[in-house]
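To start, the structure itself, in structure tokens.
The values are calculated or read from the model by the stated rules, or taken from the named source; none is laboratory data. Quick caveat, the model's predicted, so the values are computed rather than measured. Every residue, glycine as well, gets a Cβ built from its backbone with ideal geometry; the counts of neighbours run over all protein chains shown.
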Amino acid sequence: MTSKPLPSLIAVIDIGTHKTASLLGQIIDGKARMLSFSERRTDGVVKGTVTDLEKLTQCVHEVVNDIERGSGRAVEQIYLSLSGPAAEGERVKGFVAVPAHDGKVTAKDVSDAIASAKRLEPPEGRTTILYMRQPTMLDNRPVGNPVGMAGKRLEVTFWRVTMEEGNMRMRVGMVNGMSIRVRDFILASHAAACATASDADKQGGVLVIDMGAGTTDWILYYKEHILCAGSIPVGGEHLTNDLSVALRISRETAEDLKLRFGSAMHRENDVNQTIWKDGDKGVGDQQFNRGTITQVLSLRYQETIEFVRKDVIRRLEAIFPGHAVKLDQNMIPSGVILTGGSANLADASEAVQQVTGLSARVGVPNFENESLRKPEYAGVVGLMTAAITDAPPPVRRPRGFLAQLKELFRL
Amino acid sequence: MGLFDDLFRKRRDAFMGPADRDWRALVPQDVNRVPEGEIGRKRAVRSKLPTFLAAGFFAVLVGLLWWAVDESTTAAPAAGSLRFKTDGFLTADFVKKVVANGPEGFGRDVRSIKTDLEADNQVVAADVRRRSDGTLDIALRERLAVAKIVSLPGKGTPMQVRLVASDGQTFAGAGYPEQAVRNLPEIQHFRSSGSDDKLLIEGIEIAAPFLLAVRTGYPNLYKQWSAVSLRDCFGAQEDSPGSNLRVTVRPGTQPMDRPALVEIVFSTANWRNELMLLGRINVDELLRRPGTTSQAYVLKMSIQNRTNANSPVPEPRLVPLPLR
Amino acid sequence: MSAPASILLVGLGGAGCSMVTRLAAQLPAEVGVALLDTDARSLPAGGGTTLQLGRAQTRGMGTGGEAALGQASAESEEAALRRLFTGVPLVVLVTGLGGGTGSGAATVVAGLAAETGATVLSFATMPFSHEGERRMRQANDATVKLAQKCHGLVVVHNDLLLQQVSPDAPLSESFAAADNWVGGALRGLAGAFAPGALIAIDPAGLRSILSTPGSPTLFAFGVGQGEGAAMKAARAACDCPLAHAPGAVAKVASLFVYVAGGSAMTTTEAFEAVGAVRTRFGGETSTILCARIEASLGDRIEVSVLGASLPAPKAAAKPKKGAKAVDPSQPIFEFATEESMRRGLFGGTPMTFIEGQDVDVPAYIRKAVRLPASP
């Protein structure tokens, strides 16, 4: 007696330095329909690392409660995003020599190669979180599906993401404490790319930079596979802080000025502009030179992009040793897609273009619900998209009475 | 995951390769399902089973303790209240006297109270309980008296009446009302040894069951009997001819217009059958037959088993009582 | 009998000694000078008190950047140091942190001075951002330890110095800026002790401001010239980069303001200046003003501000579960200088280094970019 499968629920949560957002959706006809969304300010995370677990747990608790209440469904499994320097990635390779008698690759060969790739031990104290497929090479030629093709040496590569064991336990434990299972981790930059980059972009080659409040995660795609990914521990908070120190104002004021008058490019003309903090020339109002603001912000922003650029080159050189890597439009035809909360900074794409020499645009997540089509939600929206394609939740079946009774008494 | 797997699961420190280091292998996520009603509220969910088990365990524990406490000695002596019932004639005063007899008084150990009560011959069994508030709950089963014996211990001392129970034990008969005692048949002409509670009447092992059988089976006859004489009773020996029980019938229980039946004689060996026979005989009709001219008769029920052709088995016969 | 100097200016380490040597010429007579170093070459022969530290440890060749060696060197000369400091009411310690002698010995020297009963005020410079991670870390550690021993600690960031001069100025010019500040401070302190002030103070009052070791110290210095020089000087002091910091150090409880001007300066001007300074810096608990006429200043007016914030009785954050208990004798010194001044919000978080630079420090500071002046 098989009961009809119920539409699966997907719950995703993106815990960032500035905000925690969660989305609950239902898979209907292979696409996700949003059921409820919730967002709160994150408490207890600084620069992408957890400093106060209790506060963070409280915050996540509230967010999950919100989406449950909003949709009327209980969340049992959830996908977590993995971002920041905590997630170290590296390439792992496995290869297998195709048996000579036939010369054709079989499925078994492929799975052997995959197994040999996964046999590599992660570094001490770290645990493997993800394996992301990278191009398969048959006799040093990249191929799509090698099964049935003739060749001698089959090599599979994965981008393996590892995390410190303690960190992983903390996150999973936090979620488990709410009676929710972690279904999977998803790389945040990959999620952002799933939301903002099209398949055509990924096919040709694209660099997606997700600049959030605490960290900047980037990911480089080529031929539809991830080539490499990384993270810089600098984010929008640093922009605000710089401004706050330079102008000797409070953080809130700096944040406000950044949003209103900030720019990633500094132009000569700016120096001549004077702006008022409150704008109403009331008592206690302060004047600032717009040039100062743009100068400070552009320096920081461009420096961060420069860090990203150097990181990309460094990793590419590690992947292709011996080659001098030049980052240009030939290599990455679709250029840079900027996303994340800090992509809202004025003239950001222009600044990136200037620093990297690639074309750049601000990416907005592709989602049915209009209120979420903003760069700062690329992470959470992308999580849902990535979850459906990479690791769909299991099919639900309604539980029989016995099963329910067992559930009640499960220790 | 079964117990077997649990016990013999591969240990983590043994090198298993990255499968061991995969995060899923490191953190088995064992979470309970949130019931539908808990959505949006506090999410920590626990299984109910431990609660049930714990509640059950404590219920059992409390029950055990309760039961044990009932038998225990440590209850504080309360107001000395007593609840008492018996199927005989003993009074609460008697019980109170027995209970209070001892250094601890009312707070006495339940077992010792029971022993003391059962020491009295009148009590067959005593059920003594102490409640949680200190009240004593006493239920007695008494010996049923089937007869009495009257003795004169000595000159000048009043007549002592003791009651005889169906098992041959004698007892003082405390609490028995006068009427009941008067109605009991008296056992006469008996030889005995011992005294008081240890009084052993020779032949009582016949007479007491006999009387009990009559009392229970033939209450009408029983009411008419005033005494049982054991002068011819030699014991329960089947082949002791002549051993009999002589029952004196109350004269006042019979009609005046015919000769009176003053005695019935039963044989010790065969009294049950004789009783059955007596139950079928219409004594009144026998006594009214022509030819009964004497004023008083003795009914000899004793069926003696002398079977030979020459001497047919004598039936119960009425024997005229010689006038004295 | 020559009384011991009322102020002893002590230069420690290579940087400290060079700064003190430069300043020595301009100092009033009340200020005594002493040079301490492990590197024998920086101690000039003759003139002024010099003490070579750690003869056995370093053999006169310096510590090579090892703070531990610097500390050992200072400890080995404990007796001599004590003699040096005995009877001196105020010791001003000038040192450059990041290297071995400065970072390692400063704490020891300050501690000894404090033990002999002197009030210890330290000026410490932090290395440039581009000097690398190791020196920065060493300097940071040293600051923390030094702050506990000194009654007042003023941290001067070399990065900030670079901002004060135009981008293509030689390095010596930026050091001159630092000299300017420290010199101004010294002149102010000396002036407090010297007789003949326009508005005089009791030197003991000054010491009372700097009485608690480990409390955050504020220092600002400004110069104004010409018309309205006093207000200009005050404003310059308010804008002094040394003093800006979001957070607690912006306002202090006790202030010492020293105003020096040419003969044209009036008491009113001095008070105006002080008023402006107070608006900016606080000083509710006590403000001590000393004003002095120095003919050599002409129409320039110098304002130097020294302030100390006594820990507020309001509850400091409860220590989080598992966090080390905050020692009550070390009040909120995490607000002291280094962290909040430069790293702003990220003060208190571990430093993040990319390419050897602490990226929490604002980009414009590390790149030494001069910001447009505020309107």
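One line per residue, one yes/no per condition, for (1) among the β-branched types (V, I, T); (2) closer than 30 Å to C:T352 by Cβ; (3) assigned to a loop (DSSP other than H, G, I, E, B); (4) assigned by TED's automatic domain parsing to the domain that holds A:L154:
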| position | (1), (2), (3), (4) |
| --- | --- |
| A:K93 | no, no, no, yes |
| A:S111 | no, no, no, yes |
| A:I114 | yes, no, no, yes |
| A:E121 | no, yes, yes, yes |
| A:E124 | no, yes, yes, yes |
| A:T127 | yes, yes, no, yes |
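From the list C:L218, C:L189, which one is at pLDDT 70 or above, crowded, with 23+ Cβ neighbours inside 10 Å and either within 14 Å of chain A (Cβ to nearest Cβ) or within 30 Å of A:S244 (Cα to Cα) (or both)? Full working, then the answer.
Values: C:L189 fails: either within 14 Å of chain A (Cβ to nearest Cβ) or within 30 Å of A:S244 (Cα to Cα) (or both).
Among C:L218, C:L189, only C:L218 is at pLDDT 70 or above, crowded, with 23+ Cβ neighbours inside 10 Å and either within 14 Å of chain A (Cβ to nearest Cβ) or within 30 Å of A:S244 (Cα to Cα) (or both).
Among what's in the stretch A:205-255 and is in contact (Cβ under 8 Å) with a residue 12 or more places away in the chain and among the acidic types (D, E), pick the residue that is nearest to the other protein chains (Cβ to nearest Cβ).
A:D242
Does the stretch A:177-191 contain at least one residue that is more than 14 Å from chain B (Cβ to nearest Cβ), more than 22 Å from A:I313 (Cβ to Cβ) and at pLDDT 85 or above? Spell out how you get there, then give the answer.
Of the residues in the stretch A:177-191, the ones more than 14 Å from chain B (Cβ to nearest Cβ) are A:188-191.
If we keep only those that are more than 22 Å from A:I313 (Cβ to Cβ) as well, we get A:191.
From what's left, at pLDDT 85 or above: A:191.
Looking through the stretch A:177-191, at least one residue is more than 14 Å from chain B (Cβ to nearest Cβ), more than 22 Å from A:I313 (Cβ to Cβ) and at pLDDT 85 or above.
Collect the residues in the stretch C:253-266 that are in contact (Cβ under 8 Å) with a residue 40 or more places away in the chain and farther than 16 Å from C:K232 by Cα, keeping them in residue-number order.
C:A253, C:S254, C:L255, C:F256, listed by residue number.
Could you grab me the full set of residues in the stretch A:350-375 that are modelled with pLDDT under 90 and among the polar types (S, T, N, Q)?
Hits for the stretch A:350-375 are A:N366, A:N369, A:S371.
Among the listed residues A:E76, A:E88, which satisfies the condition of being under 25 Å from A:S189 (Cβ atoms) and within 14 Å of chain B (Cβ to nearest Cβ)?
A:E88
(1) within 14 Å of chain B (Cβ to nearest Cβ); (2) not in a loop (DSSP other than H, G, I, E, B): which one isn't true of A:I10, the others all being true?
Among (1) within 14 Å of chain B (Cβ to nearest Cβ); (2) not in a loop (DSSP other than H, G, I, E, B), the lone unmet condition for A:I10 is (1).
Name the helices (runs of 4 or more DSSP H) wholly inside the stretch C:56-171 in which the number of residues that are charged (D, E, K, R), in contact (Cβ under 8 Å) with a residue 12 or more places away in the chain and out of contact with any His (no Cβ under 9 Å at 6 or more places or on another chain) is 3 or more.
Those helices (runs of 4 or more DSSP H) span C:133-149.
Does A:G48 qualify as being touching an Asp or Glu at 6+ places or on another chain (Cβ under 6 Å) and on the phi > 0 side of the Ramachandran plot?
Here the answer is no, as A:G48 does not meet what is asked.
In the stretch B:122-176, which strands (runs of 3 or more DSSP E) lie fully inside it and hold 2 or more residues that are under 24 Å from B:K223 (Cβ atoms)?
The strands (runs of 3 or more DSSP E) meeting that bar are B:145-151, B:160-165.
Residue check, A:R397 against (1) buried (at least 23 other Cβ atoms within 10 Å of the Cβ); (2) at pLDDT below 85, all met but one. Which one?
In the conditions (1) buried (at least 23 other Cβ atoms within 10 Å of the Cβ); (2) at pLDDT below 85, A:R397 misses (1) alone.
I need the full set of residues from the stretch A:59-70 which are more than 9 Å from chain B (Cβ to nearest Cβ) and either of a type in the set (A, V, I, L, M) or over 23 Å from the mean Cα position of the chain (by Cα) (or both), in order please.
If we filter the stretch A:59-70 for residues that are more than 9 Å from chain B (Cβ to nearest Cβ), which is where we start, we get A:59-60, A:62-63.
Answer for the stretch A:59-70, where residues must be more than 9 Å from chain B (Cβ to nearest Cβ) and either of a type in the set (A, V, I, L, M) or over 23 Å from the mean Cα position of the chain (by Cα) (or both): A:V60, A:V63.
Can you tell me which residues in the stretch A:35-49 are surrounded by 20 or more Cβ atoms within 10 Å (Cβ to Cβ) and at pLDDT below 90?
Within the stretch A:35-49, A:V45, A:K47, A:G48 meet the criteria.
Out of curiosity, is C:A295 over 19 Å from the mean Cα position of the chain (by Cα) and buried (at least 24 other Cβ atoms within 10 Å of the Cβ)?
Here the answer is no, as C:A295 does not meet what is asked.
Can you list the helices (runs of 4 or more DSSP H) found entirely within the stretch B:200-301 that contain at least 1 residues being surrounded by 14 or more Cβ atoms within 10 Å (Cβ to Cβ) and in contact with a helix residue (DSSP H, G or I) (Cβ under 7 Å, 6 or more places away or on another chain)?
Because the criterion is at least 1 residues that are surrounded by 14 or more Cβ atoms within 10 Å (Cβ to Cβ) and in contact with a helix residue (DSSP H, G or I) (Cβ under 7 Å, 6 or more places away or on another chain), the helices (runs of 4 or more DSSP H) in the stretch B:200-301 that meet it are B:204-217, B:219-224, B:271-280.
Is at least one residue of the stretch A:297-319 without any contact (Cβ under 8 Å) to a residue 40 or more places away in the chain, more than 14 Å from chain C (Cβ to nearest Cβ) and in a loop (DSSP other than H, G, I, E, B)?
Checked the stretch A:297-319: no residue is without any contact (Cβ under 8 Å) to a residue 40 or more places away in the chain, more than 14 Å from chain C (Cβ to nearest Cβ) and in a loop (DSSP other than H, G, I, E, B).
Taking the options B:V110, B:V214, name whichever one is at pLDDT 85 or above, out of contact with any His (no Cβ under 6 Å at 6 or more places or on another chain) and of a type in the set (A, V, I, L, M, F, W, C).
Testing whether each residue is at pLDDT 85 or above, out of contact with any His (no Cβ under 6 Å at 6 or more places or on another chain) and of a type in the set (A, V, I, L, M, F, W, C) leaves just B:V214.
Residues B:P158, B:P185: which one is modelled with pLDDT under 85 and more than 16 Å from the chain's Cα centre (by Cα)?
The conditions single out B:P158.
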